[in-house]
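Visitor: Just passing along the structure, written as structure tokens.
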Amino acid sequence: MEESPQCRAIRIDSKQNLERKLKLPSLKFGSLKSRLPIIQGGMGVGISLSGLASAVAREGGIGVISAAFPGIQEPDARTDSDTANIRVLKEEIRKAKKLTNGILGVNIMVALTNYGDMVRTSIEEGVDLIFAGAGLPLDLPGYLTAGDKTKLVPIVSSARAAKLICKKWLSRYDYLPDGFIVEGPKAGGHLGFKKEQLNDPDFSLEKLTKGVIDIIREFETSAQKTIPVIPAGGIYDGDDIHKFLELGAAGVQLGTRFVATHECDADNAFKQVYVDSRDEDIVIIQSPVGMPGRAIRNPFLDAVNNGTKTPFKCPFHCIKTCDSKKSPYCIAIALANARKGKFKYGFAFAGENAYRIKEIISVKKLMDSLQSEYSLAAA
């Protein structure tokens, strides 16, 4: 029996709807549009620079350069760290732009003593986005001048923080955030939670994300502006991506998964530590900057826990909250050593699911697998 035009139209429409359902949506920050709703988290010291960021951007995601002491390997790092950091951040942004026409951002910790310099440099270099966390970036819009197109995305760990930022930015600058990253307690690196909150269901990423989505609705309605909410911390595969998009998130941020890629800017020995890690190796430490952090256990951290490390003279003063007189080690130097594969003198931060990584692959293969996994979860 010949198919009628009406039936054919219905069949084609149903097929197109199914294809749309199985395909990852785009991610928008105002007029800025990413083909895929995947943001690569900024990782310091020197883990995500131009190599990784540009590779992610080429594959349709948002690549992010970390502004956490990018100039630590420079000859003048100890004598003039501000100049070294500004110079290298500029170089990395320019390198990334030469390698891709995709979307690039910079992750900047508010706790950095050179926070303002990093923000100004990023805006002057024309990055698409600034992601600002490790403190509340209450003054961030104040760095923008007429004609600047950089989008501003705070990183928060609660709906309360998101609401406070919205209110402060509106009252001081008549500006609302262009989006929010909601970082949960399963993330790697420094965590915006107390130790007892890390495994508390009330602080799950799902609950935190829903809370931020709900709290910003009033601001979106009054300003007639869409503010995408992007969860981060412990997101591992396409199934996780599907779960959070169904929850109402506009996209997701992944950091740990991108470490074990060929394009990651760290030494292969650093990446291999992720591949070799076991579940029991992922531990919570107390960082010299006064916050808990998640890392991969190794002899360096064991020595710290045993009290065999001795105080040092701080060469950088890079984090506002760091008590260098009481700290058993310099976290900037420890992370820089680890990045080079020198784990006798350092350690690697990592997310809770780092032990699930079994091989080092290309960014393209990772992005393709995330999309395939998402399609299976959405089917």
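Visitor: How many residues are over 22 Å from Leu104 (Cβ atoms) and in a loop (DSSP other than H, G, I, E, B) when one looks only at segment 147-178?
Guide: 4
Visitor: Could you pull out every one of the helices (runs of 4 or more DSSP H) wholly within segment 228-310 that has 3 or more residues that are at pLDDT below 95?
Guide: Once the helices (runs of 4 or more DSSP H) in segment 228-310 are filtered for at least 3 residues that are at pLDDT below 95, what remains is 299-305.
Visitor: Let me ask another. I want to confirm something. Restricting to segment 179-203 and keeping residues that are among the aromatic types (Phe, Trp, Tyr) and outside any helix (DSSP H, G or I), which single residue is surrounded by the most Cβ atoms within 10 Å (Cβ to Cβ)?
Guide: Phe180
Visitor: Only residues in segment 359-379 that are in contact (Cβ under 8 Å) with a residue 24 or more places away in the chain count as the first member; pair them with residues that are surrounded by fewer than 17 Cβ atoms within 10 Å (Cβ to Cβ) and part of a helix (DSSP H, G or I), Cβ under 7 angstrom, at least 6 apart or cross-chain, and list the lot.
Guide: Glu359/Val275; Ile360/Val275; Glu373/Asp239; Ser375/Leu22; Ala377/Asp239; Ala378/Lys21; Ala378/Leu22; Ala379/Leu22
Visitor: Among the listed residues Gly116, Gly133, identify the single one that is modelled with pLDDT under 95, under 20 Å from Gln40 (Cα atoms) and not polar (S, T, N, Q).
Guide: Gly133
Visitor: Filter segment 204-224 down to the residues that are buried (at least 17 other Cβ atoms within 10 Å of the Cβ) and either without any contact (Cβ under 8 Å) to a residue 40 or more places away in the chain or touching a Ser or Thr at 6+ places or on another chain (Cβ under 6 Å) (or both) and list them by number.
Guide: Residues satisfying the conditions are Leu205, Lys210, Ile213.
Visitor: I'm trying to understand the selection: among the residues of segment 43-92, which are closer than 24 Å to Ala348 by Cβ, of a type in the set (Val, Ile, Thr) and not in a loop (DSSP other than H, G, I, E, B)?
Guide: Within segment 43-92, Val56, Ile62, Val64, Ile65, Val88 meet the criteria.
Visitor: I've got another one for you. So which residues in segment 124-140 are outside any loop (DSSP other than H, G, I, E, B) and under 18 Å from the mean Cα position of the chain (by Cα)?
Guide: Answer for segment 124-140, where residues must be outside any loop (DSSP other than H, G, I, E, B) and under 18 Å from the mean Cα position of the chain (by Cα): Leu129, Ile130, Phe131, Ala132, Gly133, Leu140.
Visitor: Evaluate the following for Glu125: is it of a type outside the set (Ser, Thr, Tyr) and farther than 28 Å from Leu245 by Cβ? Can you show your working first?
Guide: Values: of a type outside the set (Ser, Thr, Tyr): yes; farther than 28 Å from Leu245 by Cβ: yes.
Yes.
Visitor: Please tell me if Leu52 is assigned by TED's automatic domain parsing to the domain that holds Gly233, at pLDDT 90 or above and buried (at least 24 other Cβ atoms within 10 Å of the Cβ).
Guide: The answer is yes for Leu52.
Visitor: Considering only segment 156-164, I want to know if a residue exists there that is surrounded by 16 or more Cβ atoms within 10 Å (Cβ to Cβ), on the phi > 0 side of the Ramachandran plot and either among the charged types (D, E, K, R) or not assigned by TED's automatic domain parsing to the domain that holds Asp281 (or both).
Guide: No, segment 156-164 contains no residue that is surrounded by 16 or more Cβ atoms within 10 Å (Cβ to Cβ), on the phi > 0 side of the Ramachandran plot and either among the charged types (D, E, K, R) or not assigned by TED's automatic domain parsing to the domain that holds Asp281 (or both).
Visitor: Something else now. Among the listed residues Gly41, Gly60, Gly46, identify the single one that is in contact (Cβ under 8 Å) with a residue 40 or more places away in the chain and surrounded by fewer than 24 Cβ atoms within 10 Å (Cβ to Cβ). I'd like the intermediate steps shown before the answer.
Guide: Details: Gly41 fails: surrounded by fewer than 24 Cβ atoms within 10 Å (Cβ to Cβ); Gly46 fails: surrounded by fewer than 24 Cβ atoms within 10 Å (Cβ to Cβ).
Gly60 is the lone residue from the list that is in contact (Cβ under 8 Å) with a residue 40 or more places away in the chain and surrounded by fewer than 24 Cβ atoms within 10 Å (Cβ to Cβ).
The values are calculated or read from the model by the stated rules, or taken from the named source; none is laboratory data. Keep in mind it's a predicted model, so treat the numbers as computed, not measured. FYI the Cβ positions are ideal-geometry reconstructions off the backbone, even for glycines, and counts take in every protein chain you see.
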